[in-house]
Each structure stands twice: as structure tokens, then as C-alpha cells.
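Notes follow the structure.
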Amino acid sequence: MRAEDVKVCVIRIEGTNCEDEMANAFEMVGAQAEKVHLKQLIGQAPAGFRRSLEDYDVLAFPGGFSAGDYVRAGAIFAARIKAGMGGEVKRFVEEGKPVLGVCNGFQILVELGLLPAIDEVMSDSPTAALYTNDSGRFECRPTVLRNESRGKCAFNSLIPRGKLLAIPSAHAEGKLMSMDPDFVSKLEDNDQIAFRYVRPDGSGADYPWNPNGSPSDIAGICNPAGNVMGMMPHPERVMTRFTHSDWTRGYDSEVGDGRIIFESVMKYLEKK
């Protein structure tokens with residue numbers, strides 16, 4: 001598949017606020033991105049505005065505060081998707097099409113049961129949750145991520161294992177937790193940990209480098225098949241070097257650290 005033929009659905013409802021950046025990120029790597037309201041996909045829009053998920057090659061959930069994050073972050077958006085098009089989303093994933101969720105998007109994917117999805121493609125109820133940060137407040141700060149993928153994740157395919165990326169975070173509920181006491185070890189065994197928070201020197205993170213207290217410093221995970229990834233930090237905000245927090249301190253390239261994540265999924269689609 002050629003880059004210019006890739007069609008990306010950036011799904012949104014009231015409260016999402018990062019759809020412009022997400023669409024722009026995909027367009028910067030050559031794809032066609034469209035911002036699509038959920039109502040357009042579930043038949044609650046005039047005929048000329050309706051869309052079908054099967055016409056897209058990538059589904060992207062942007063950040064924000066969908067439906068005000070009432071009940072739990074991402075819970076209402078996920079419930080509306082399950083009620084209106086849950087079967088379509090599951091088929092989309094089963095076909096191997098990429099799905100990306102960033103920040104609130106990650107929370108939505110967990111609420112949908114598409115992550116961690118250790119035992120099934122899409123669980124009926126969440127098996128994990130993104131809890132309130134240990135600090136008890138919204139954390140908006142620079143963070144450094146280390147690529148932990150051993151090659152499974154479509155969104156890491158061009159990133160050398162162990163490479164560090166400077167990706168900013170901005171969330172109040174980013175602590176990935178599960179009732180399963182073996183949760184982290186299962187993710188590690190399945191090669192489902194995409195990114196971990198680290199200090200700038202690559203060593204294990206503590207606050208503020210791990211801004212939420214997530215166990216094992218987990219910043220992002222993928223499903224067992226590798227085509228669904230959720231992450232708390234925002235790669236779409238650092239597509240160029242000039243939006244990095246330290247851009248004035250000298251740089252070797254104008255390319256931002258987030259770009260390679262979007263380039264990786266485009267490379268994945270080239271092979272399809």
C-alpha cells in the first residue's frame with residue numbers, strides 16, 4: 001500500500017481536543033487523515049456526512065477529555081462505541097488494521113477491551129484501567145521513553161530496541177493497573193510493552209520522569225498481535241524539533257522524536 005493511499009479515521013466526540021494534531025501527524029507522513037465524529041460512523045448523521053469504518057486503513061483515538069471523562073476517563077466514549085459499532089471495531093482489529101490511542105485514546109482502548117487483550121481480541125469488560133496519577137494532579141511535563149518492543153508492535157517497527165525518545169506527557173489518569181497480580185509479567189512475556197518511562201540517561205524512572213506511578217514504568221502497550229497500541233505521552237505533539245521543550249538548546253535535525261512512530265505504522269502498511 002502506498003502512503004498516499006492510506007486513509008486514517010481520527011475519531012472524535014465532544015471533549016476530544018487533540019484531533020487536529022493527530023490528523024496533522026498522519027498527513028505529515030503522507031497519509032490521508034479525516035476527523036470523523038462517532039455519529040458519522042453509527043448512522044446518526046445526515047446521509048452525506050455518514051462514514052463507514054471499513055473504508056479506512058487506520059483508526060486513531062486522539063487525546064482530550066471525551067464526554068468530560070465522567071464515570072472514568074474514556075469510559076463513556078468506549079461505551080458508545082461498543083453499543084453503536086463494537087462489532088465493526090473488532091473486525092477492524094481482526095483484519096490486522098492498525099489502531100492507535102494516545103492519552104485519552106489509550107484510556108478508551110482499555111475501556112473498550114482492545115488493550116491489553118491478553119486472552120481475546122476485545123474483552124467484554126475492561127481487564128485493566130488507567131488510574132489517577134500518584135501525585136493526585138494533572139501532570140504536563142517532558143518525559144523520556146525507551147522502546148521496549150522486541151519487534152511485534154507495528155508502531156515501533158522502525159525504532160531500534162532501547163532507543164530513547166523525548167515525548168511530552170499531559171494527563172491526570174495515566175497509571176496502568178490491573179487486578180491480575182501477574183499483569184506485568186504477562187505483558188513482558190507477550191512482548192506487549194511498547195514503551196517505558198526512563199530518566200534522560202536511560203535508567204529506571206521515578207517521579208517526575210514517571211509522571212503517574214505506573215508499575216514497571218509502563219508508558220505504552222500493544223495487543224498480542226501488535227496492531228493496536230495505546231500510550232499516554234503525545235508523539236503527535238513532537239513531529240518537528242521545534243515543538244520539543246528544549247528545542248533552543250541545539251539540535252542535529254529538524255525531525256521531532258514523535259515522527260518515527262507514525263513512520264513505523266506507514267511502513268507496516270506498505271507491506272499489506
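The values are calculated or read from the model by the stated rules, or taken from the named source; none is laboratory data. This one's a predicted model, so the numbers in the text were calculated from it and none came from an experiment. Cβ coordinates were reconstructed from backbone atoms using ideal geometry, including for glycine residues, and neighbour counts include every protein chain displayed.
Any idea which of (1) surrounded by fewer than 22 Cβ atoms within 10 Å (Cβ to Cβ); (2) at negative phi; (3) β-branched (Val, Ile, Thr); (4) out of contact with any helix residue (DSSP H, G or I) (no Cβ under 7 Å at 6 or more places or on another chain) is the one VAL110 doesn't satisfy?
It fails just one condition, (1).
I'd like the full set of residues that are of a type in the set (D, E, K, R) and either part of a loop (DSSP other than H, G, I, E, B) or under 30 Å from GLU27 (Cα atoms) (or both), limited to the stretch 199-257. Break it down into steps so the answer makes sense when it comes.
Step one: list which residues in the stretch 199-257 are of a type in the set (D, E, K, R), which gives 199, 201, 206, 217, 236-237, 241, 246, 249, 252, 254, 257.
Answer for the stretch 199-257, where residues must be of a type in the set (D, E, K, R) and either part of a loop (DSSP other than H, G, I, E, B) or under 30 Å from GLU27 (Cα atoms) (or both): ARG199, ASP201, ASP206, GLU236, ARG237, ARG241, ASP246, ARG249, ASP252, GLU254, ASP257.
Write out, first by first residue and then by second, each pair whose Cβ atoms fall under 9 Å of each other, whose residues are 6+ apart or on separate chains, and whose first residue, in the stretch 62-73, is in a helix (DSSP H, G or I) while the second is buried (at least 18 other Cβ atoms within 10 Å of the Cβ) and among the polar types (S, T, N, Q).
SER66/THR16; SER66/ASN104; SER66/GLN107; ASP69/ASN104; ASP69/GLN107
Among the residues of the stretch 161-179, is there at least one that is closer than 21 Å to VAL8 by Cβ, modelled with pLDDT of 95 or more and in a loop (DSSP other than H, G, I, E, B)?
no
Any residue at all in the stretch 27-48 that's at pLDDT 95 or above, of a type in the set (S, T, N, Q) and under 17 Å from the mean Cα position of the chain (by Cα)?
The answer is no; no qualifying residue exists.
If GLY87 meets every condition in (1) modelled with pLDDT of 95 or more; (2) more than 19 Å from PRO126 (Cβ to Cβ); (3) part of a helix (DSSP H, G or I); (4) more than 15 Å from the chain's Cα centre (by Cα) apart from one, which number is that one?
(2)
Which condition does GLN44 not pass, out of (1) polar (S, T, N, Q); (2) loosely packed, with under 15 Cβ neighbours inside 10 Å; (3) touching a Lys or Arg at 6+ places or on another chain (Cβ under 6 Å), if it passes all the others?
Failed condition: (3).
Could you list all residues from the stretch 173-182 that are surrounded by fewer than 19 Cβ atoms within 10 Å (Cβ to Cβ) and within 21 Å of the chain's Cα centre (by Cα)? Before the answer, list the steps.
So in the stretch 173-182, the residues surrounded by fewer than 19 Cβ atoms within 10 Å (Cβ to Cβ) come out as 177-182.
Result: MET177, SER178.
Could you run through the stretch 186-204 and say how many residues are in contact with a Ser or Thr (Cβ under 9 Å, 6 or more places away or on another chain) and free of Cβ contacts under 8 Å to residues at least 40 places away in the same chain?
Total meeting the criteria: 1.
Kindly indicate which of VAL89, VAL93, VAL71, VAL58 is in contact with a Pro (Cβ under 7 Å, 6 or more places away or on another chain) and either buried (at least 19 other Cβ atoms within 10 Å of the Cβ) or among the β-branched types (Val, Ile, Thr) (or both). It would help to see each step written out before you state the result.
Working: VAL89 fails: in contact with a Pro (Cβ under 7 Å, 6 or more places away or on another chain); VAL93 fails: in contact with a Pro (Cβ under 7 Å, 6 or more places away or on another chain); VAL71 fails: in contact with a Pro (Cβ under 7 Å, 6 or more places away or on another chain).
When all the criteria are applied, what remains is VAL58.
Taking the stretch 111-141, which residues are of a type in the set (D, E, K, R) and not in a strand (DSSP E or B)?
Here is the first cut: in the stretch 111-141, the residues of a type in the set (D, E, K, R) are 111, 119-120, 124, 134, 137, 139, 141.
Correct list: GLU111, ASP119, GLU120, ASP124, ASP134, ARG137.
Can you tell me which residue is nearest to GLU21 (Cα to Cα) among those in the stretch 231-256 that are acidic (Asp, Glu) and surrounded by fewer than 24 Cβ atoms within 10 Å (Cβ to Cβ)? First the steps, then the outcome.
As a first pass, look at the stretch 231-256 and keep what is acidic (Asp, Glu): 236, 246, 252, 254.
Retained after the next criterion (residues that are surrounded by fewer than 24 Cβ atoms within 10 Å (Cβ to Cβ)): 246, 252, 254.
Details: ASP246: 20, ASP252: 24, GLU254: 18 Å.
Taking the candidates together, the pick is GLU254.
Is it the case that some residue within the stretch 23-38 is surrounded by 20 or more Cβ atoms within 10 Å (Cβ to Cβ), over 19 Å from GLU270 (Cβ atoms) and touching a Ser or Thr at 6+ places or on another chain (Cβ under 9 Å)?
no
For PRO142, indicate whether it is at pLDDT 95 or above and either buried (at least 21 other Cβ atoms within 10 Å of the Cβ) or within 30 Å of GLU88 (Cβ to Cβ) (or both). Full working, then the answer.
Details: at pLDDT 95 or above: yes; either buried (at least 21 other Cβ atoms within 10 Å of the Cβ) or within 30 Å of GLU88 (Cβ to Cβ) (or both): no.
When the stated conditions are applied, PRO142 does not pass them.
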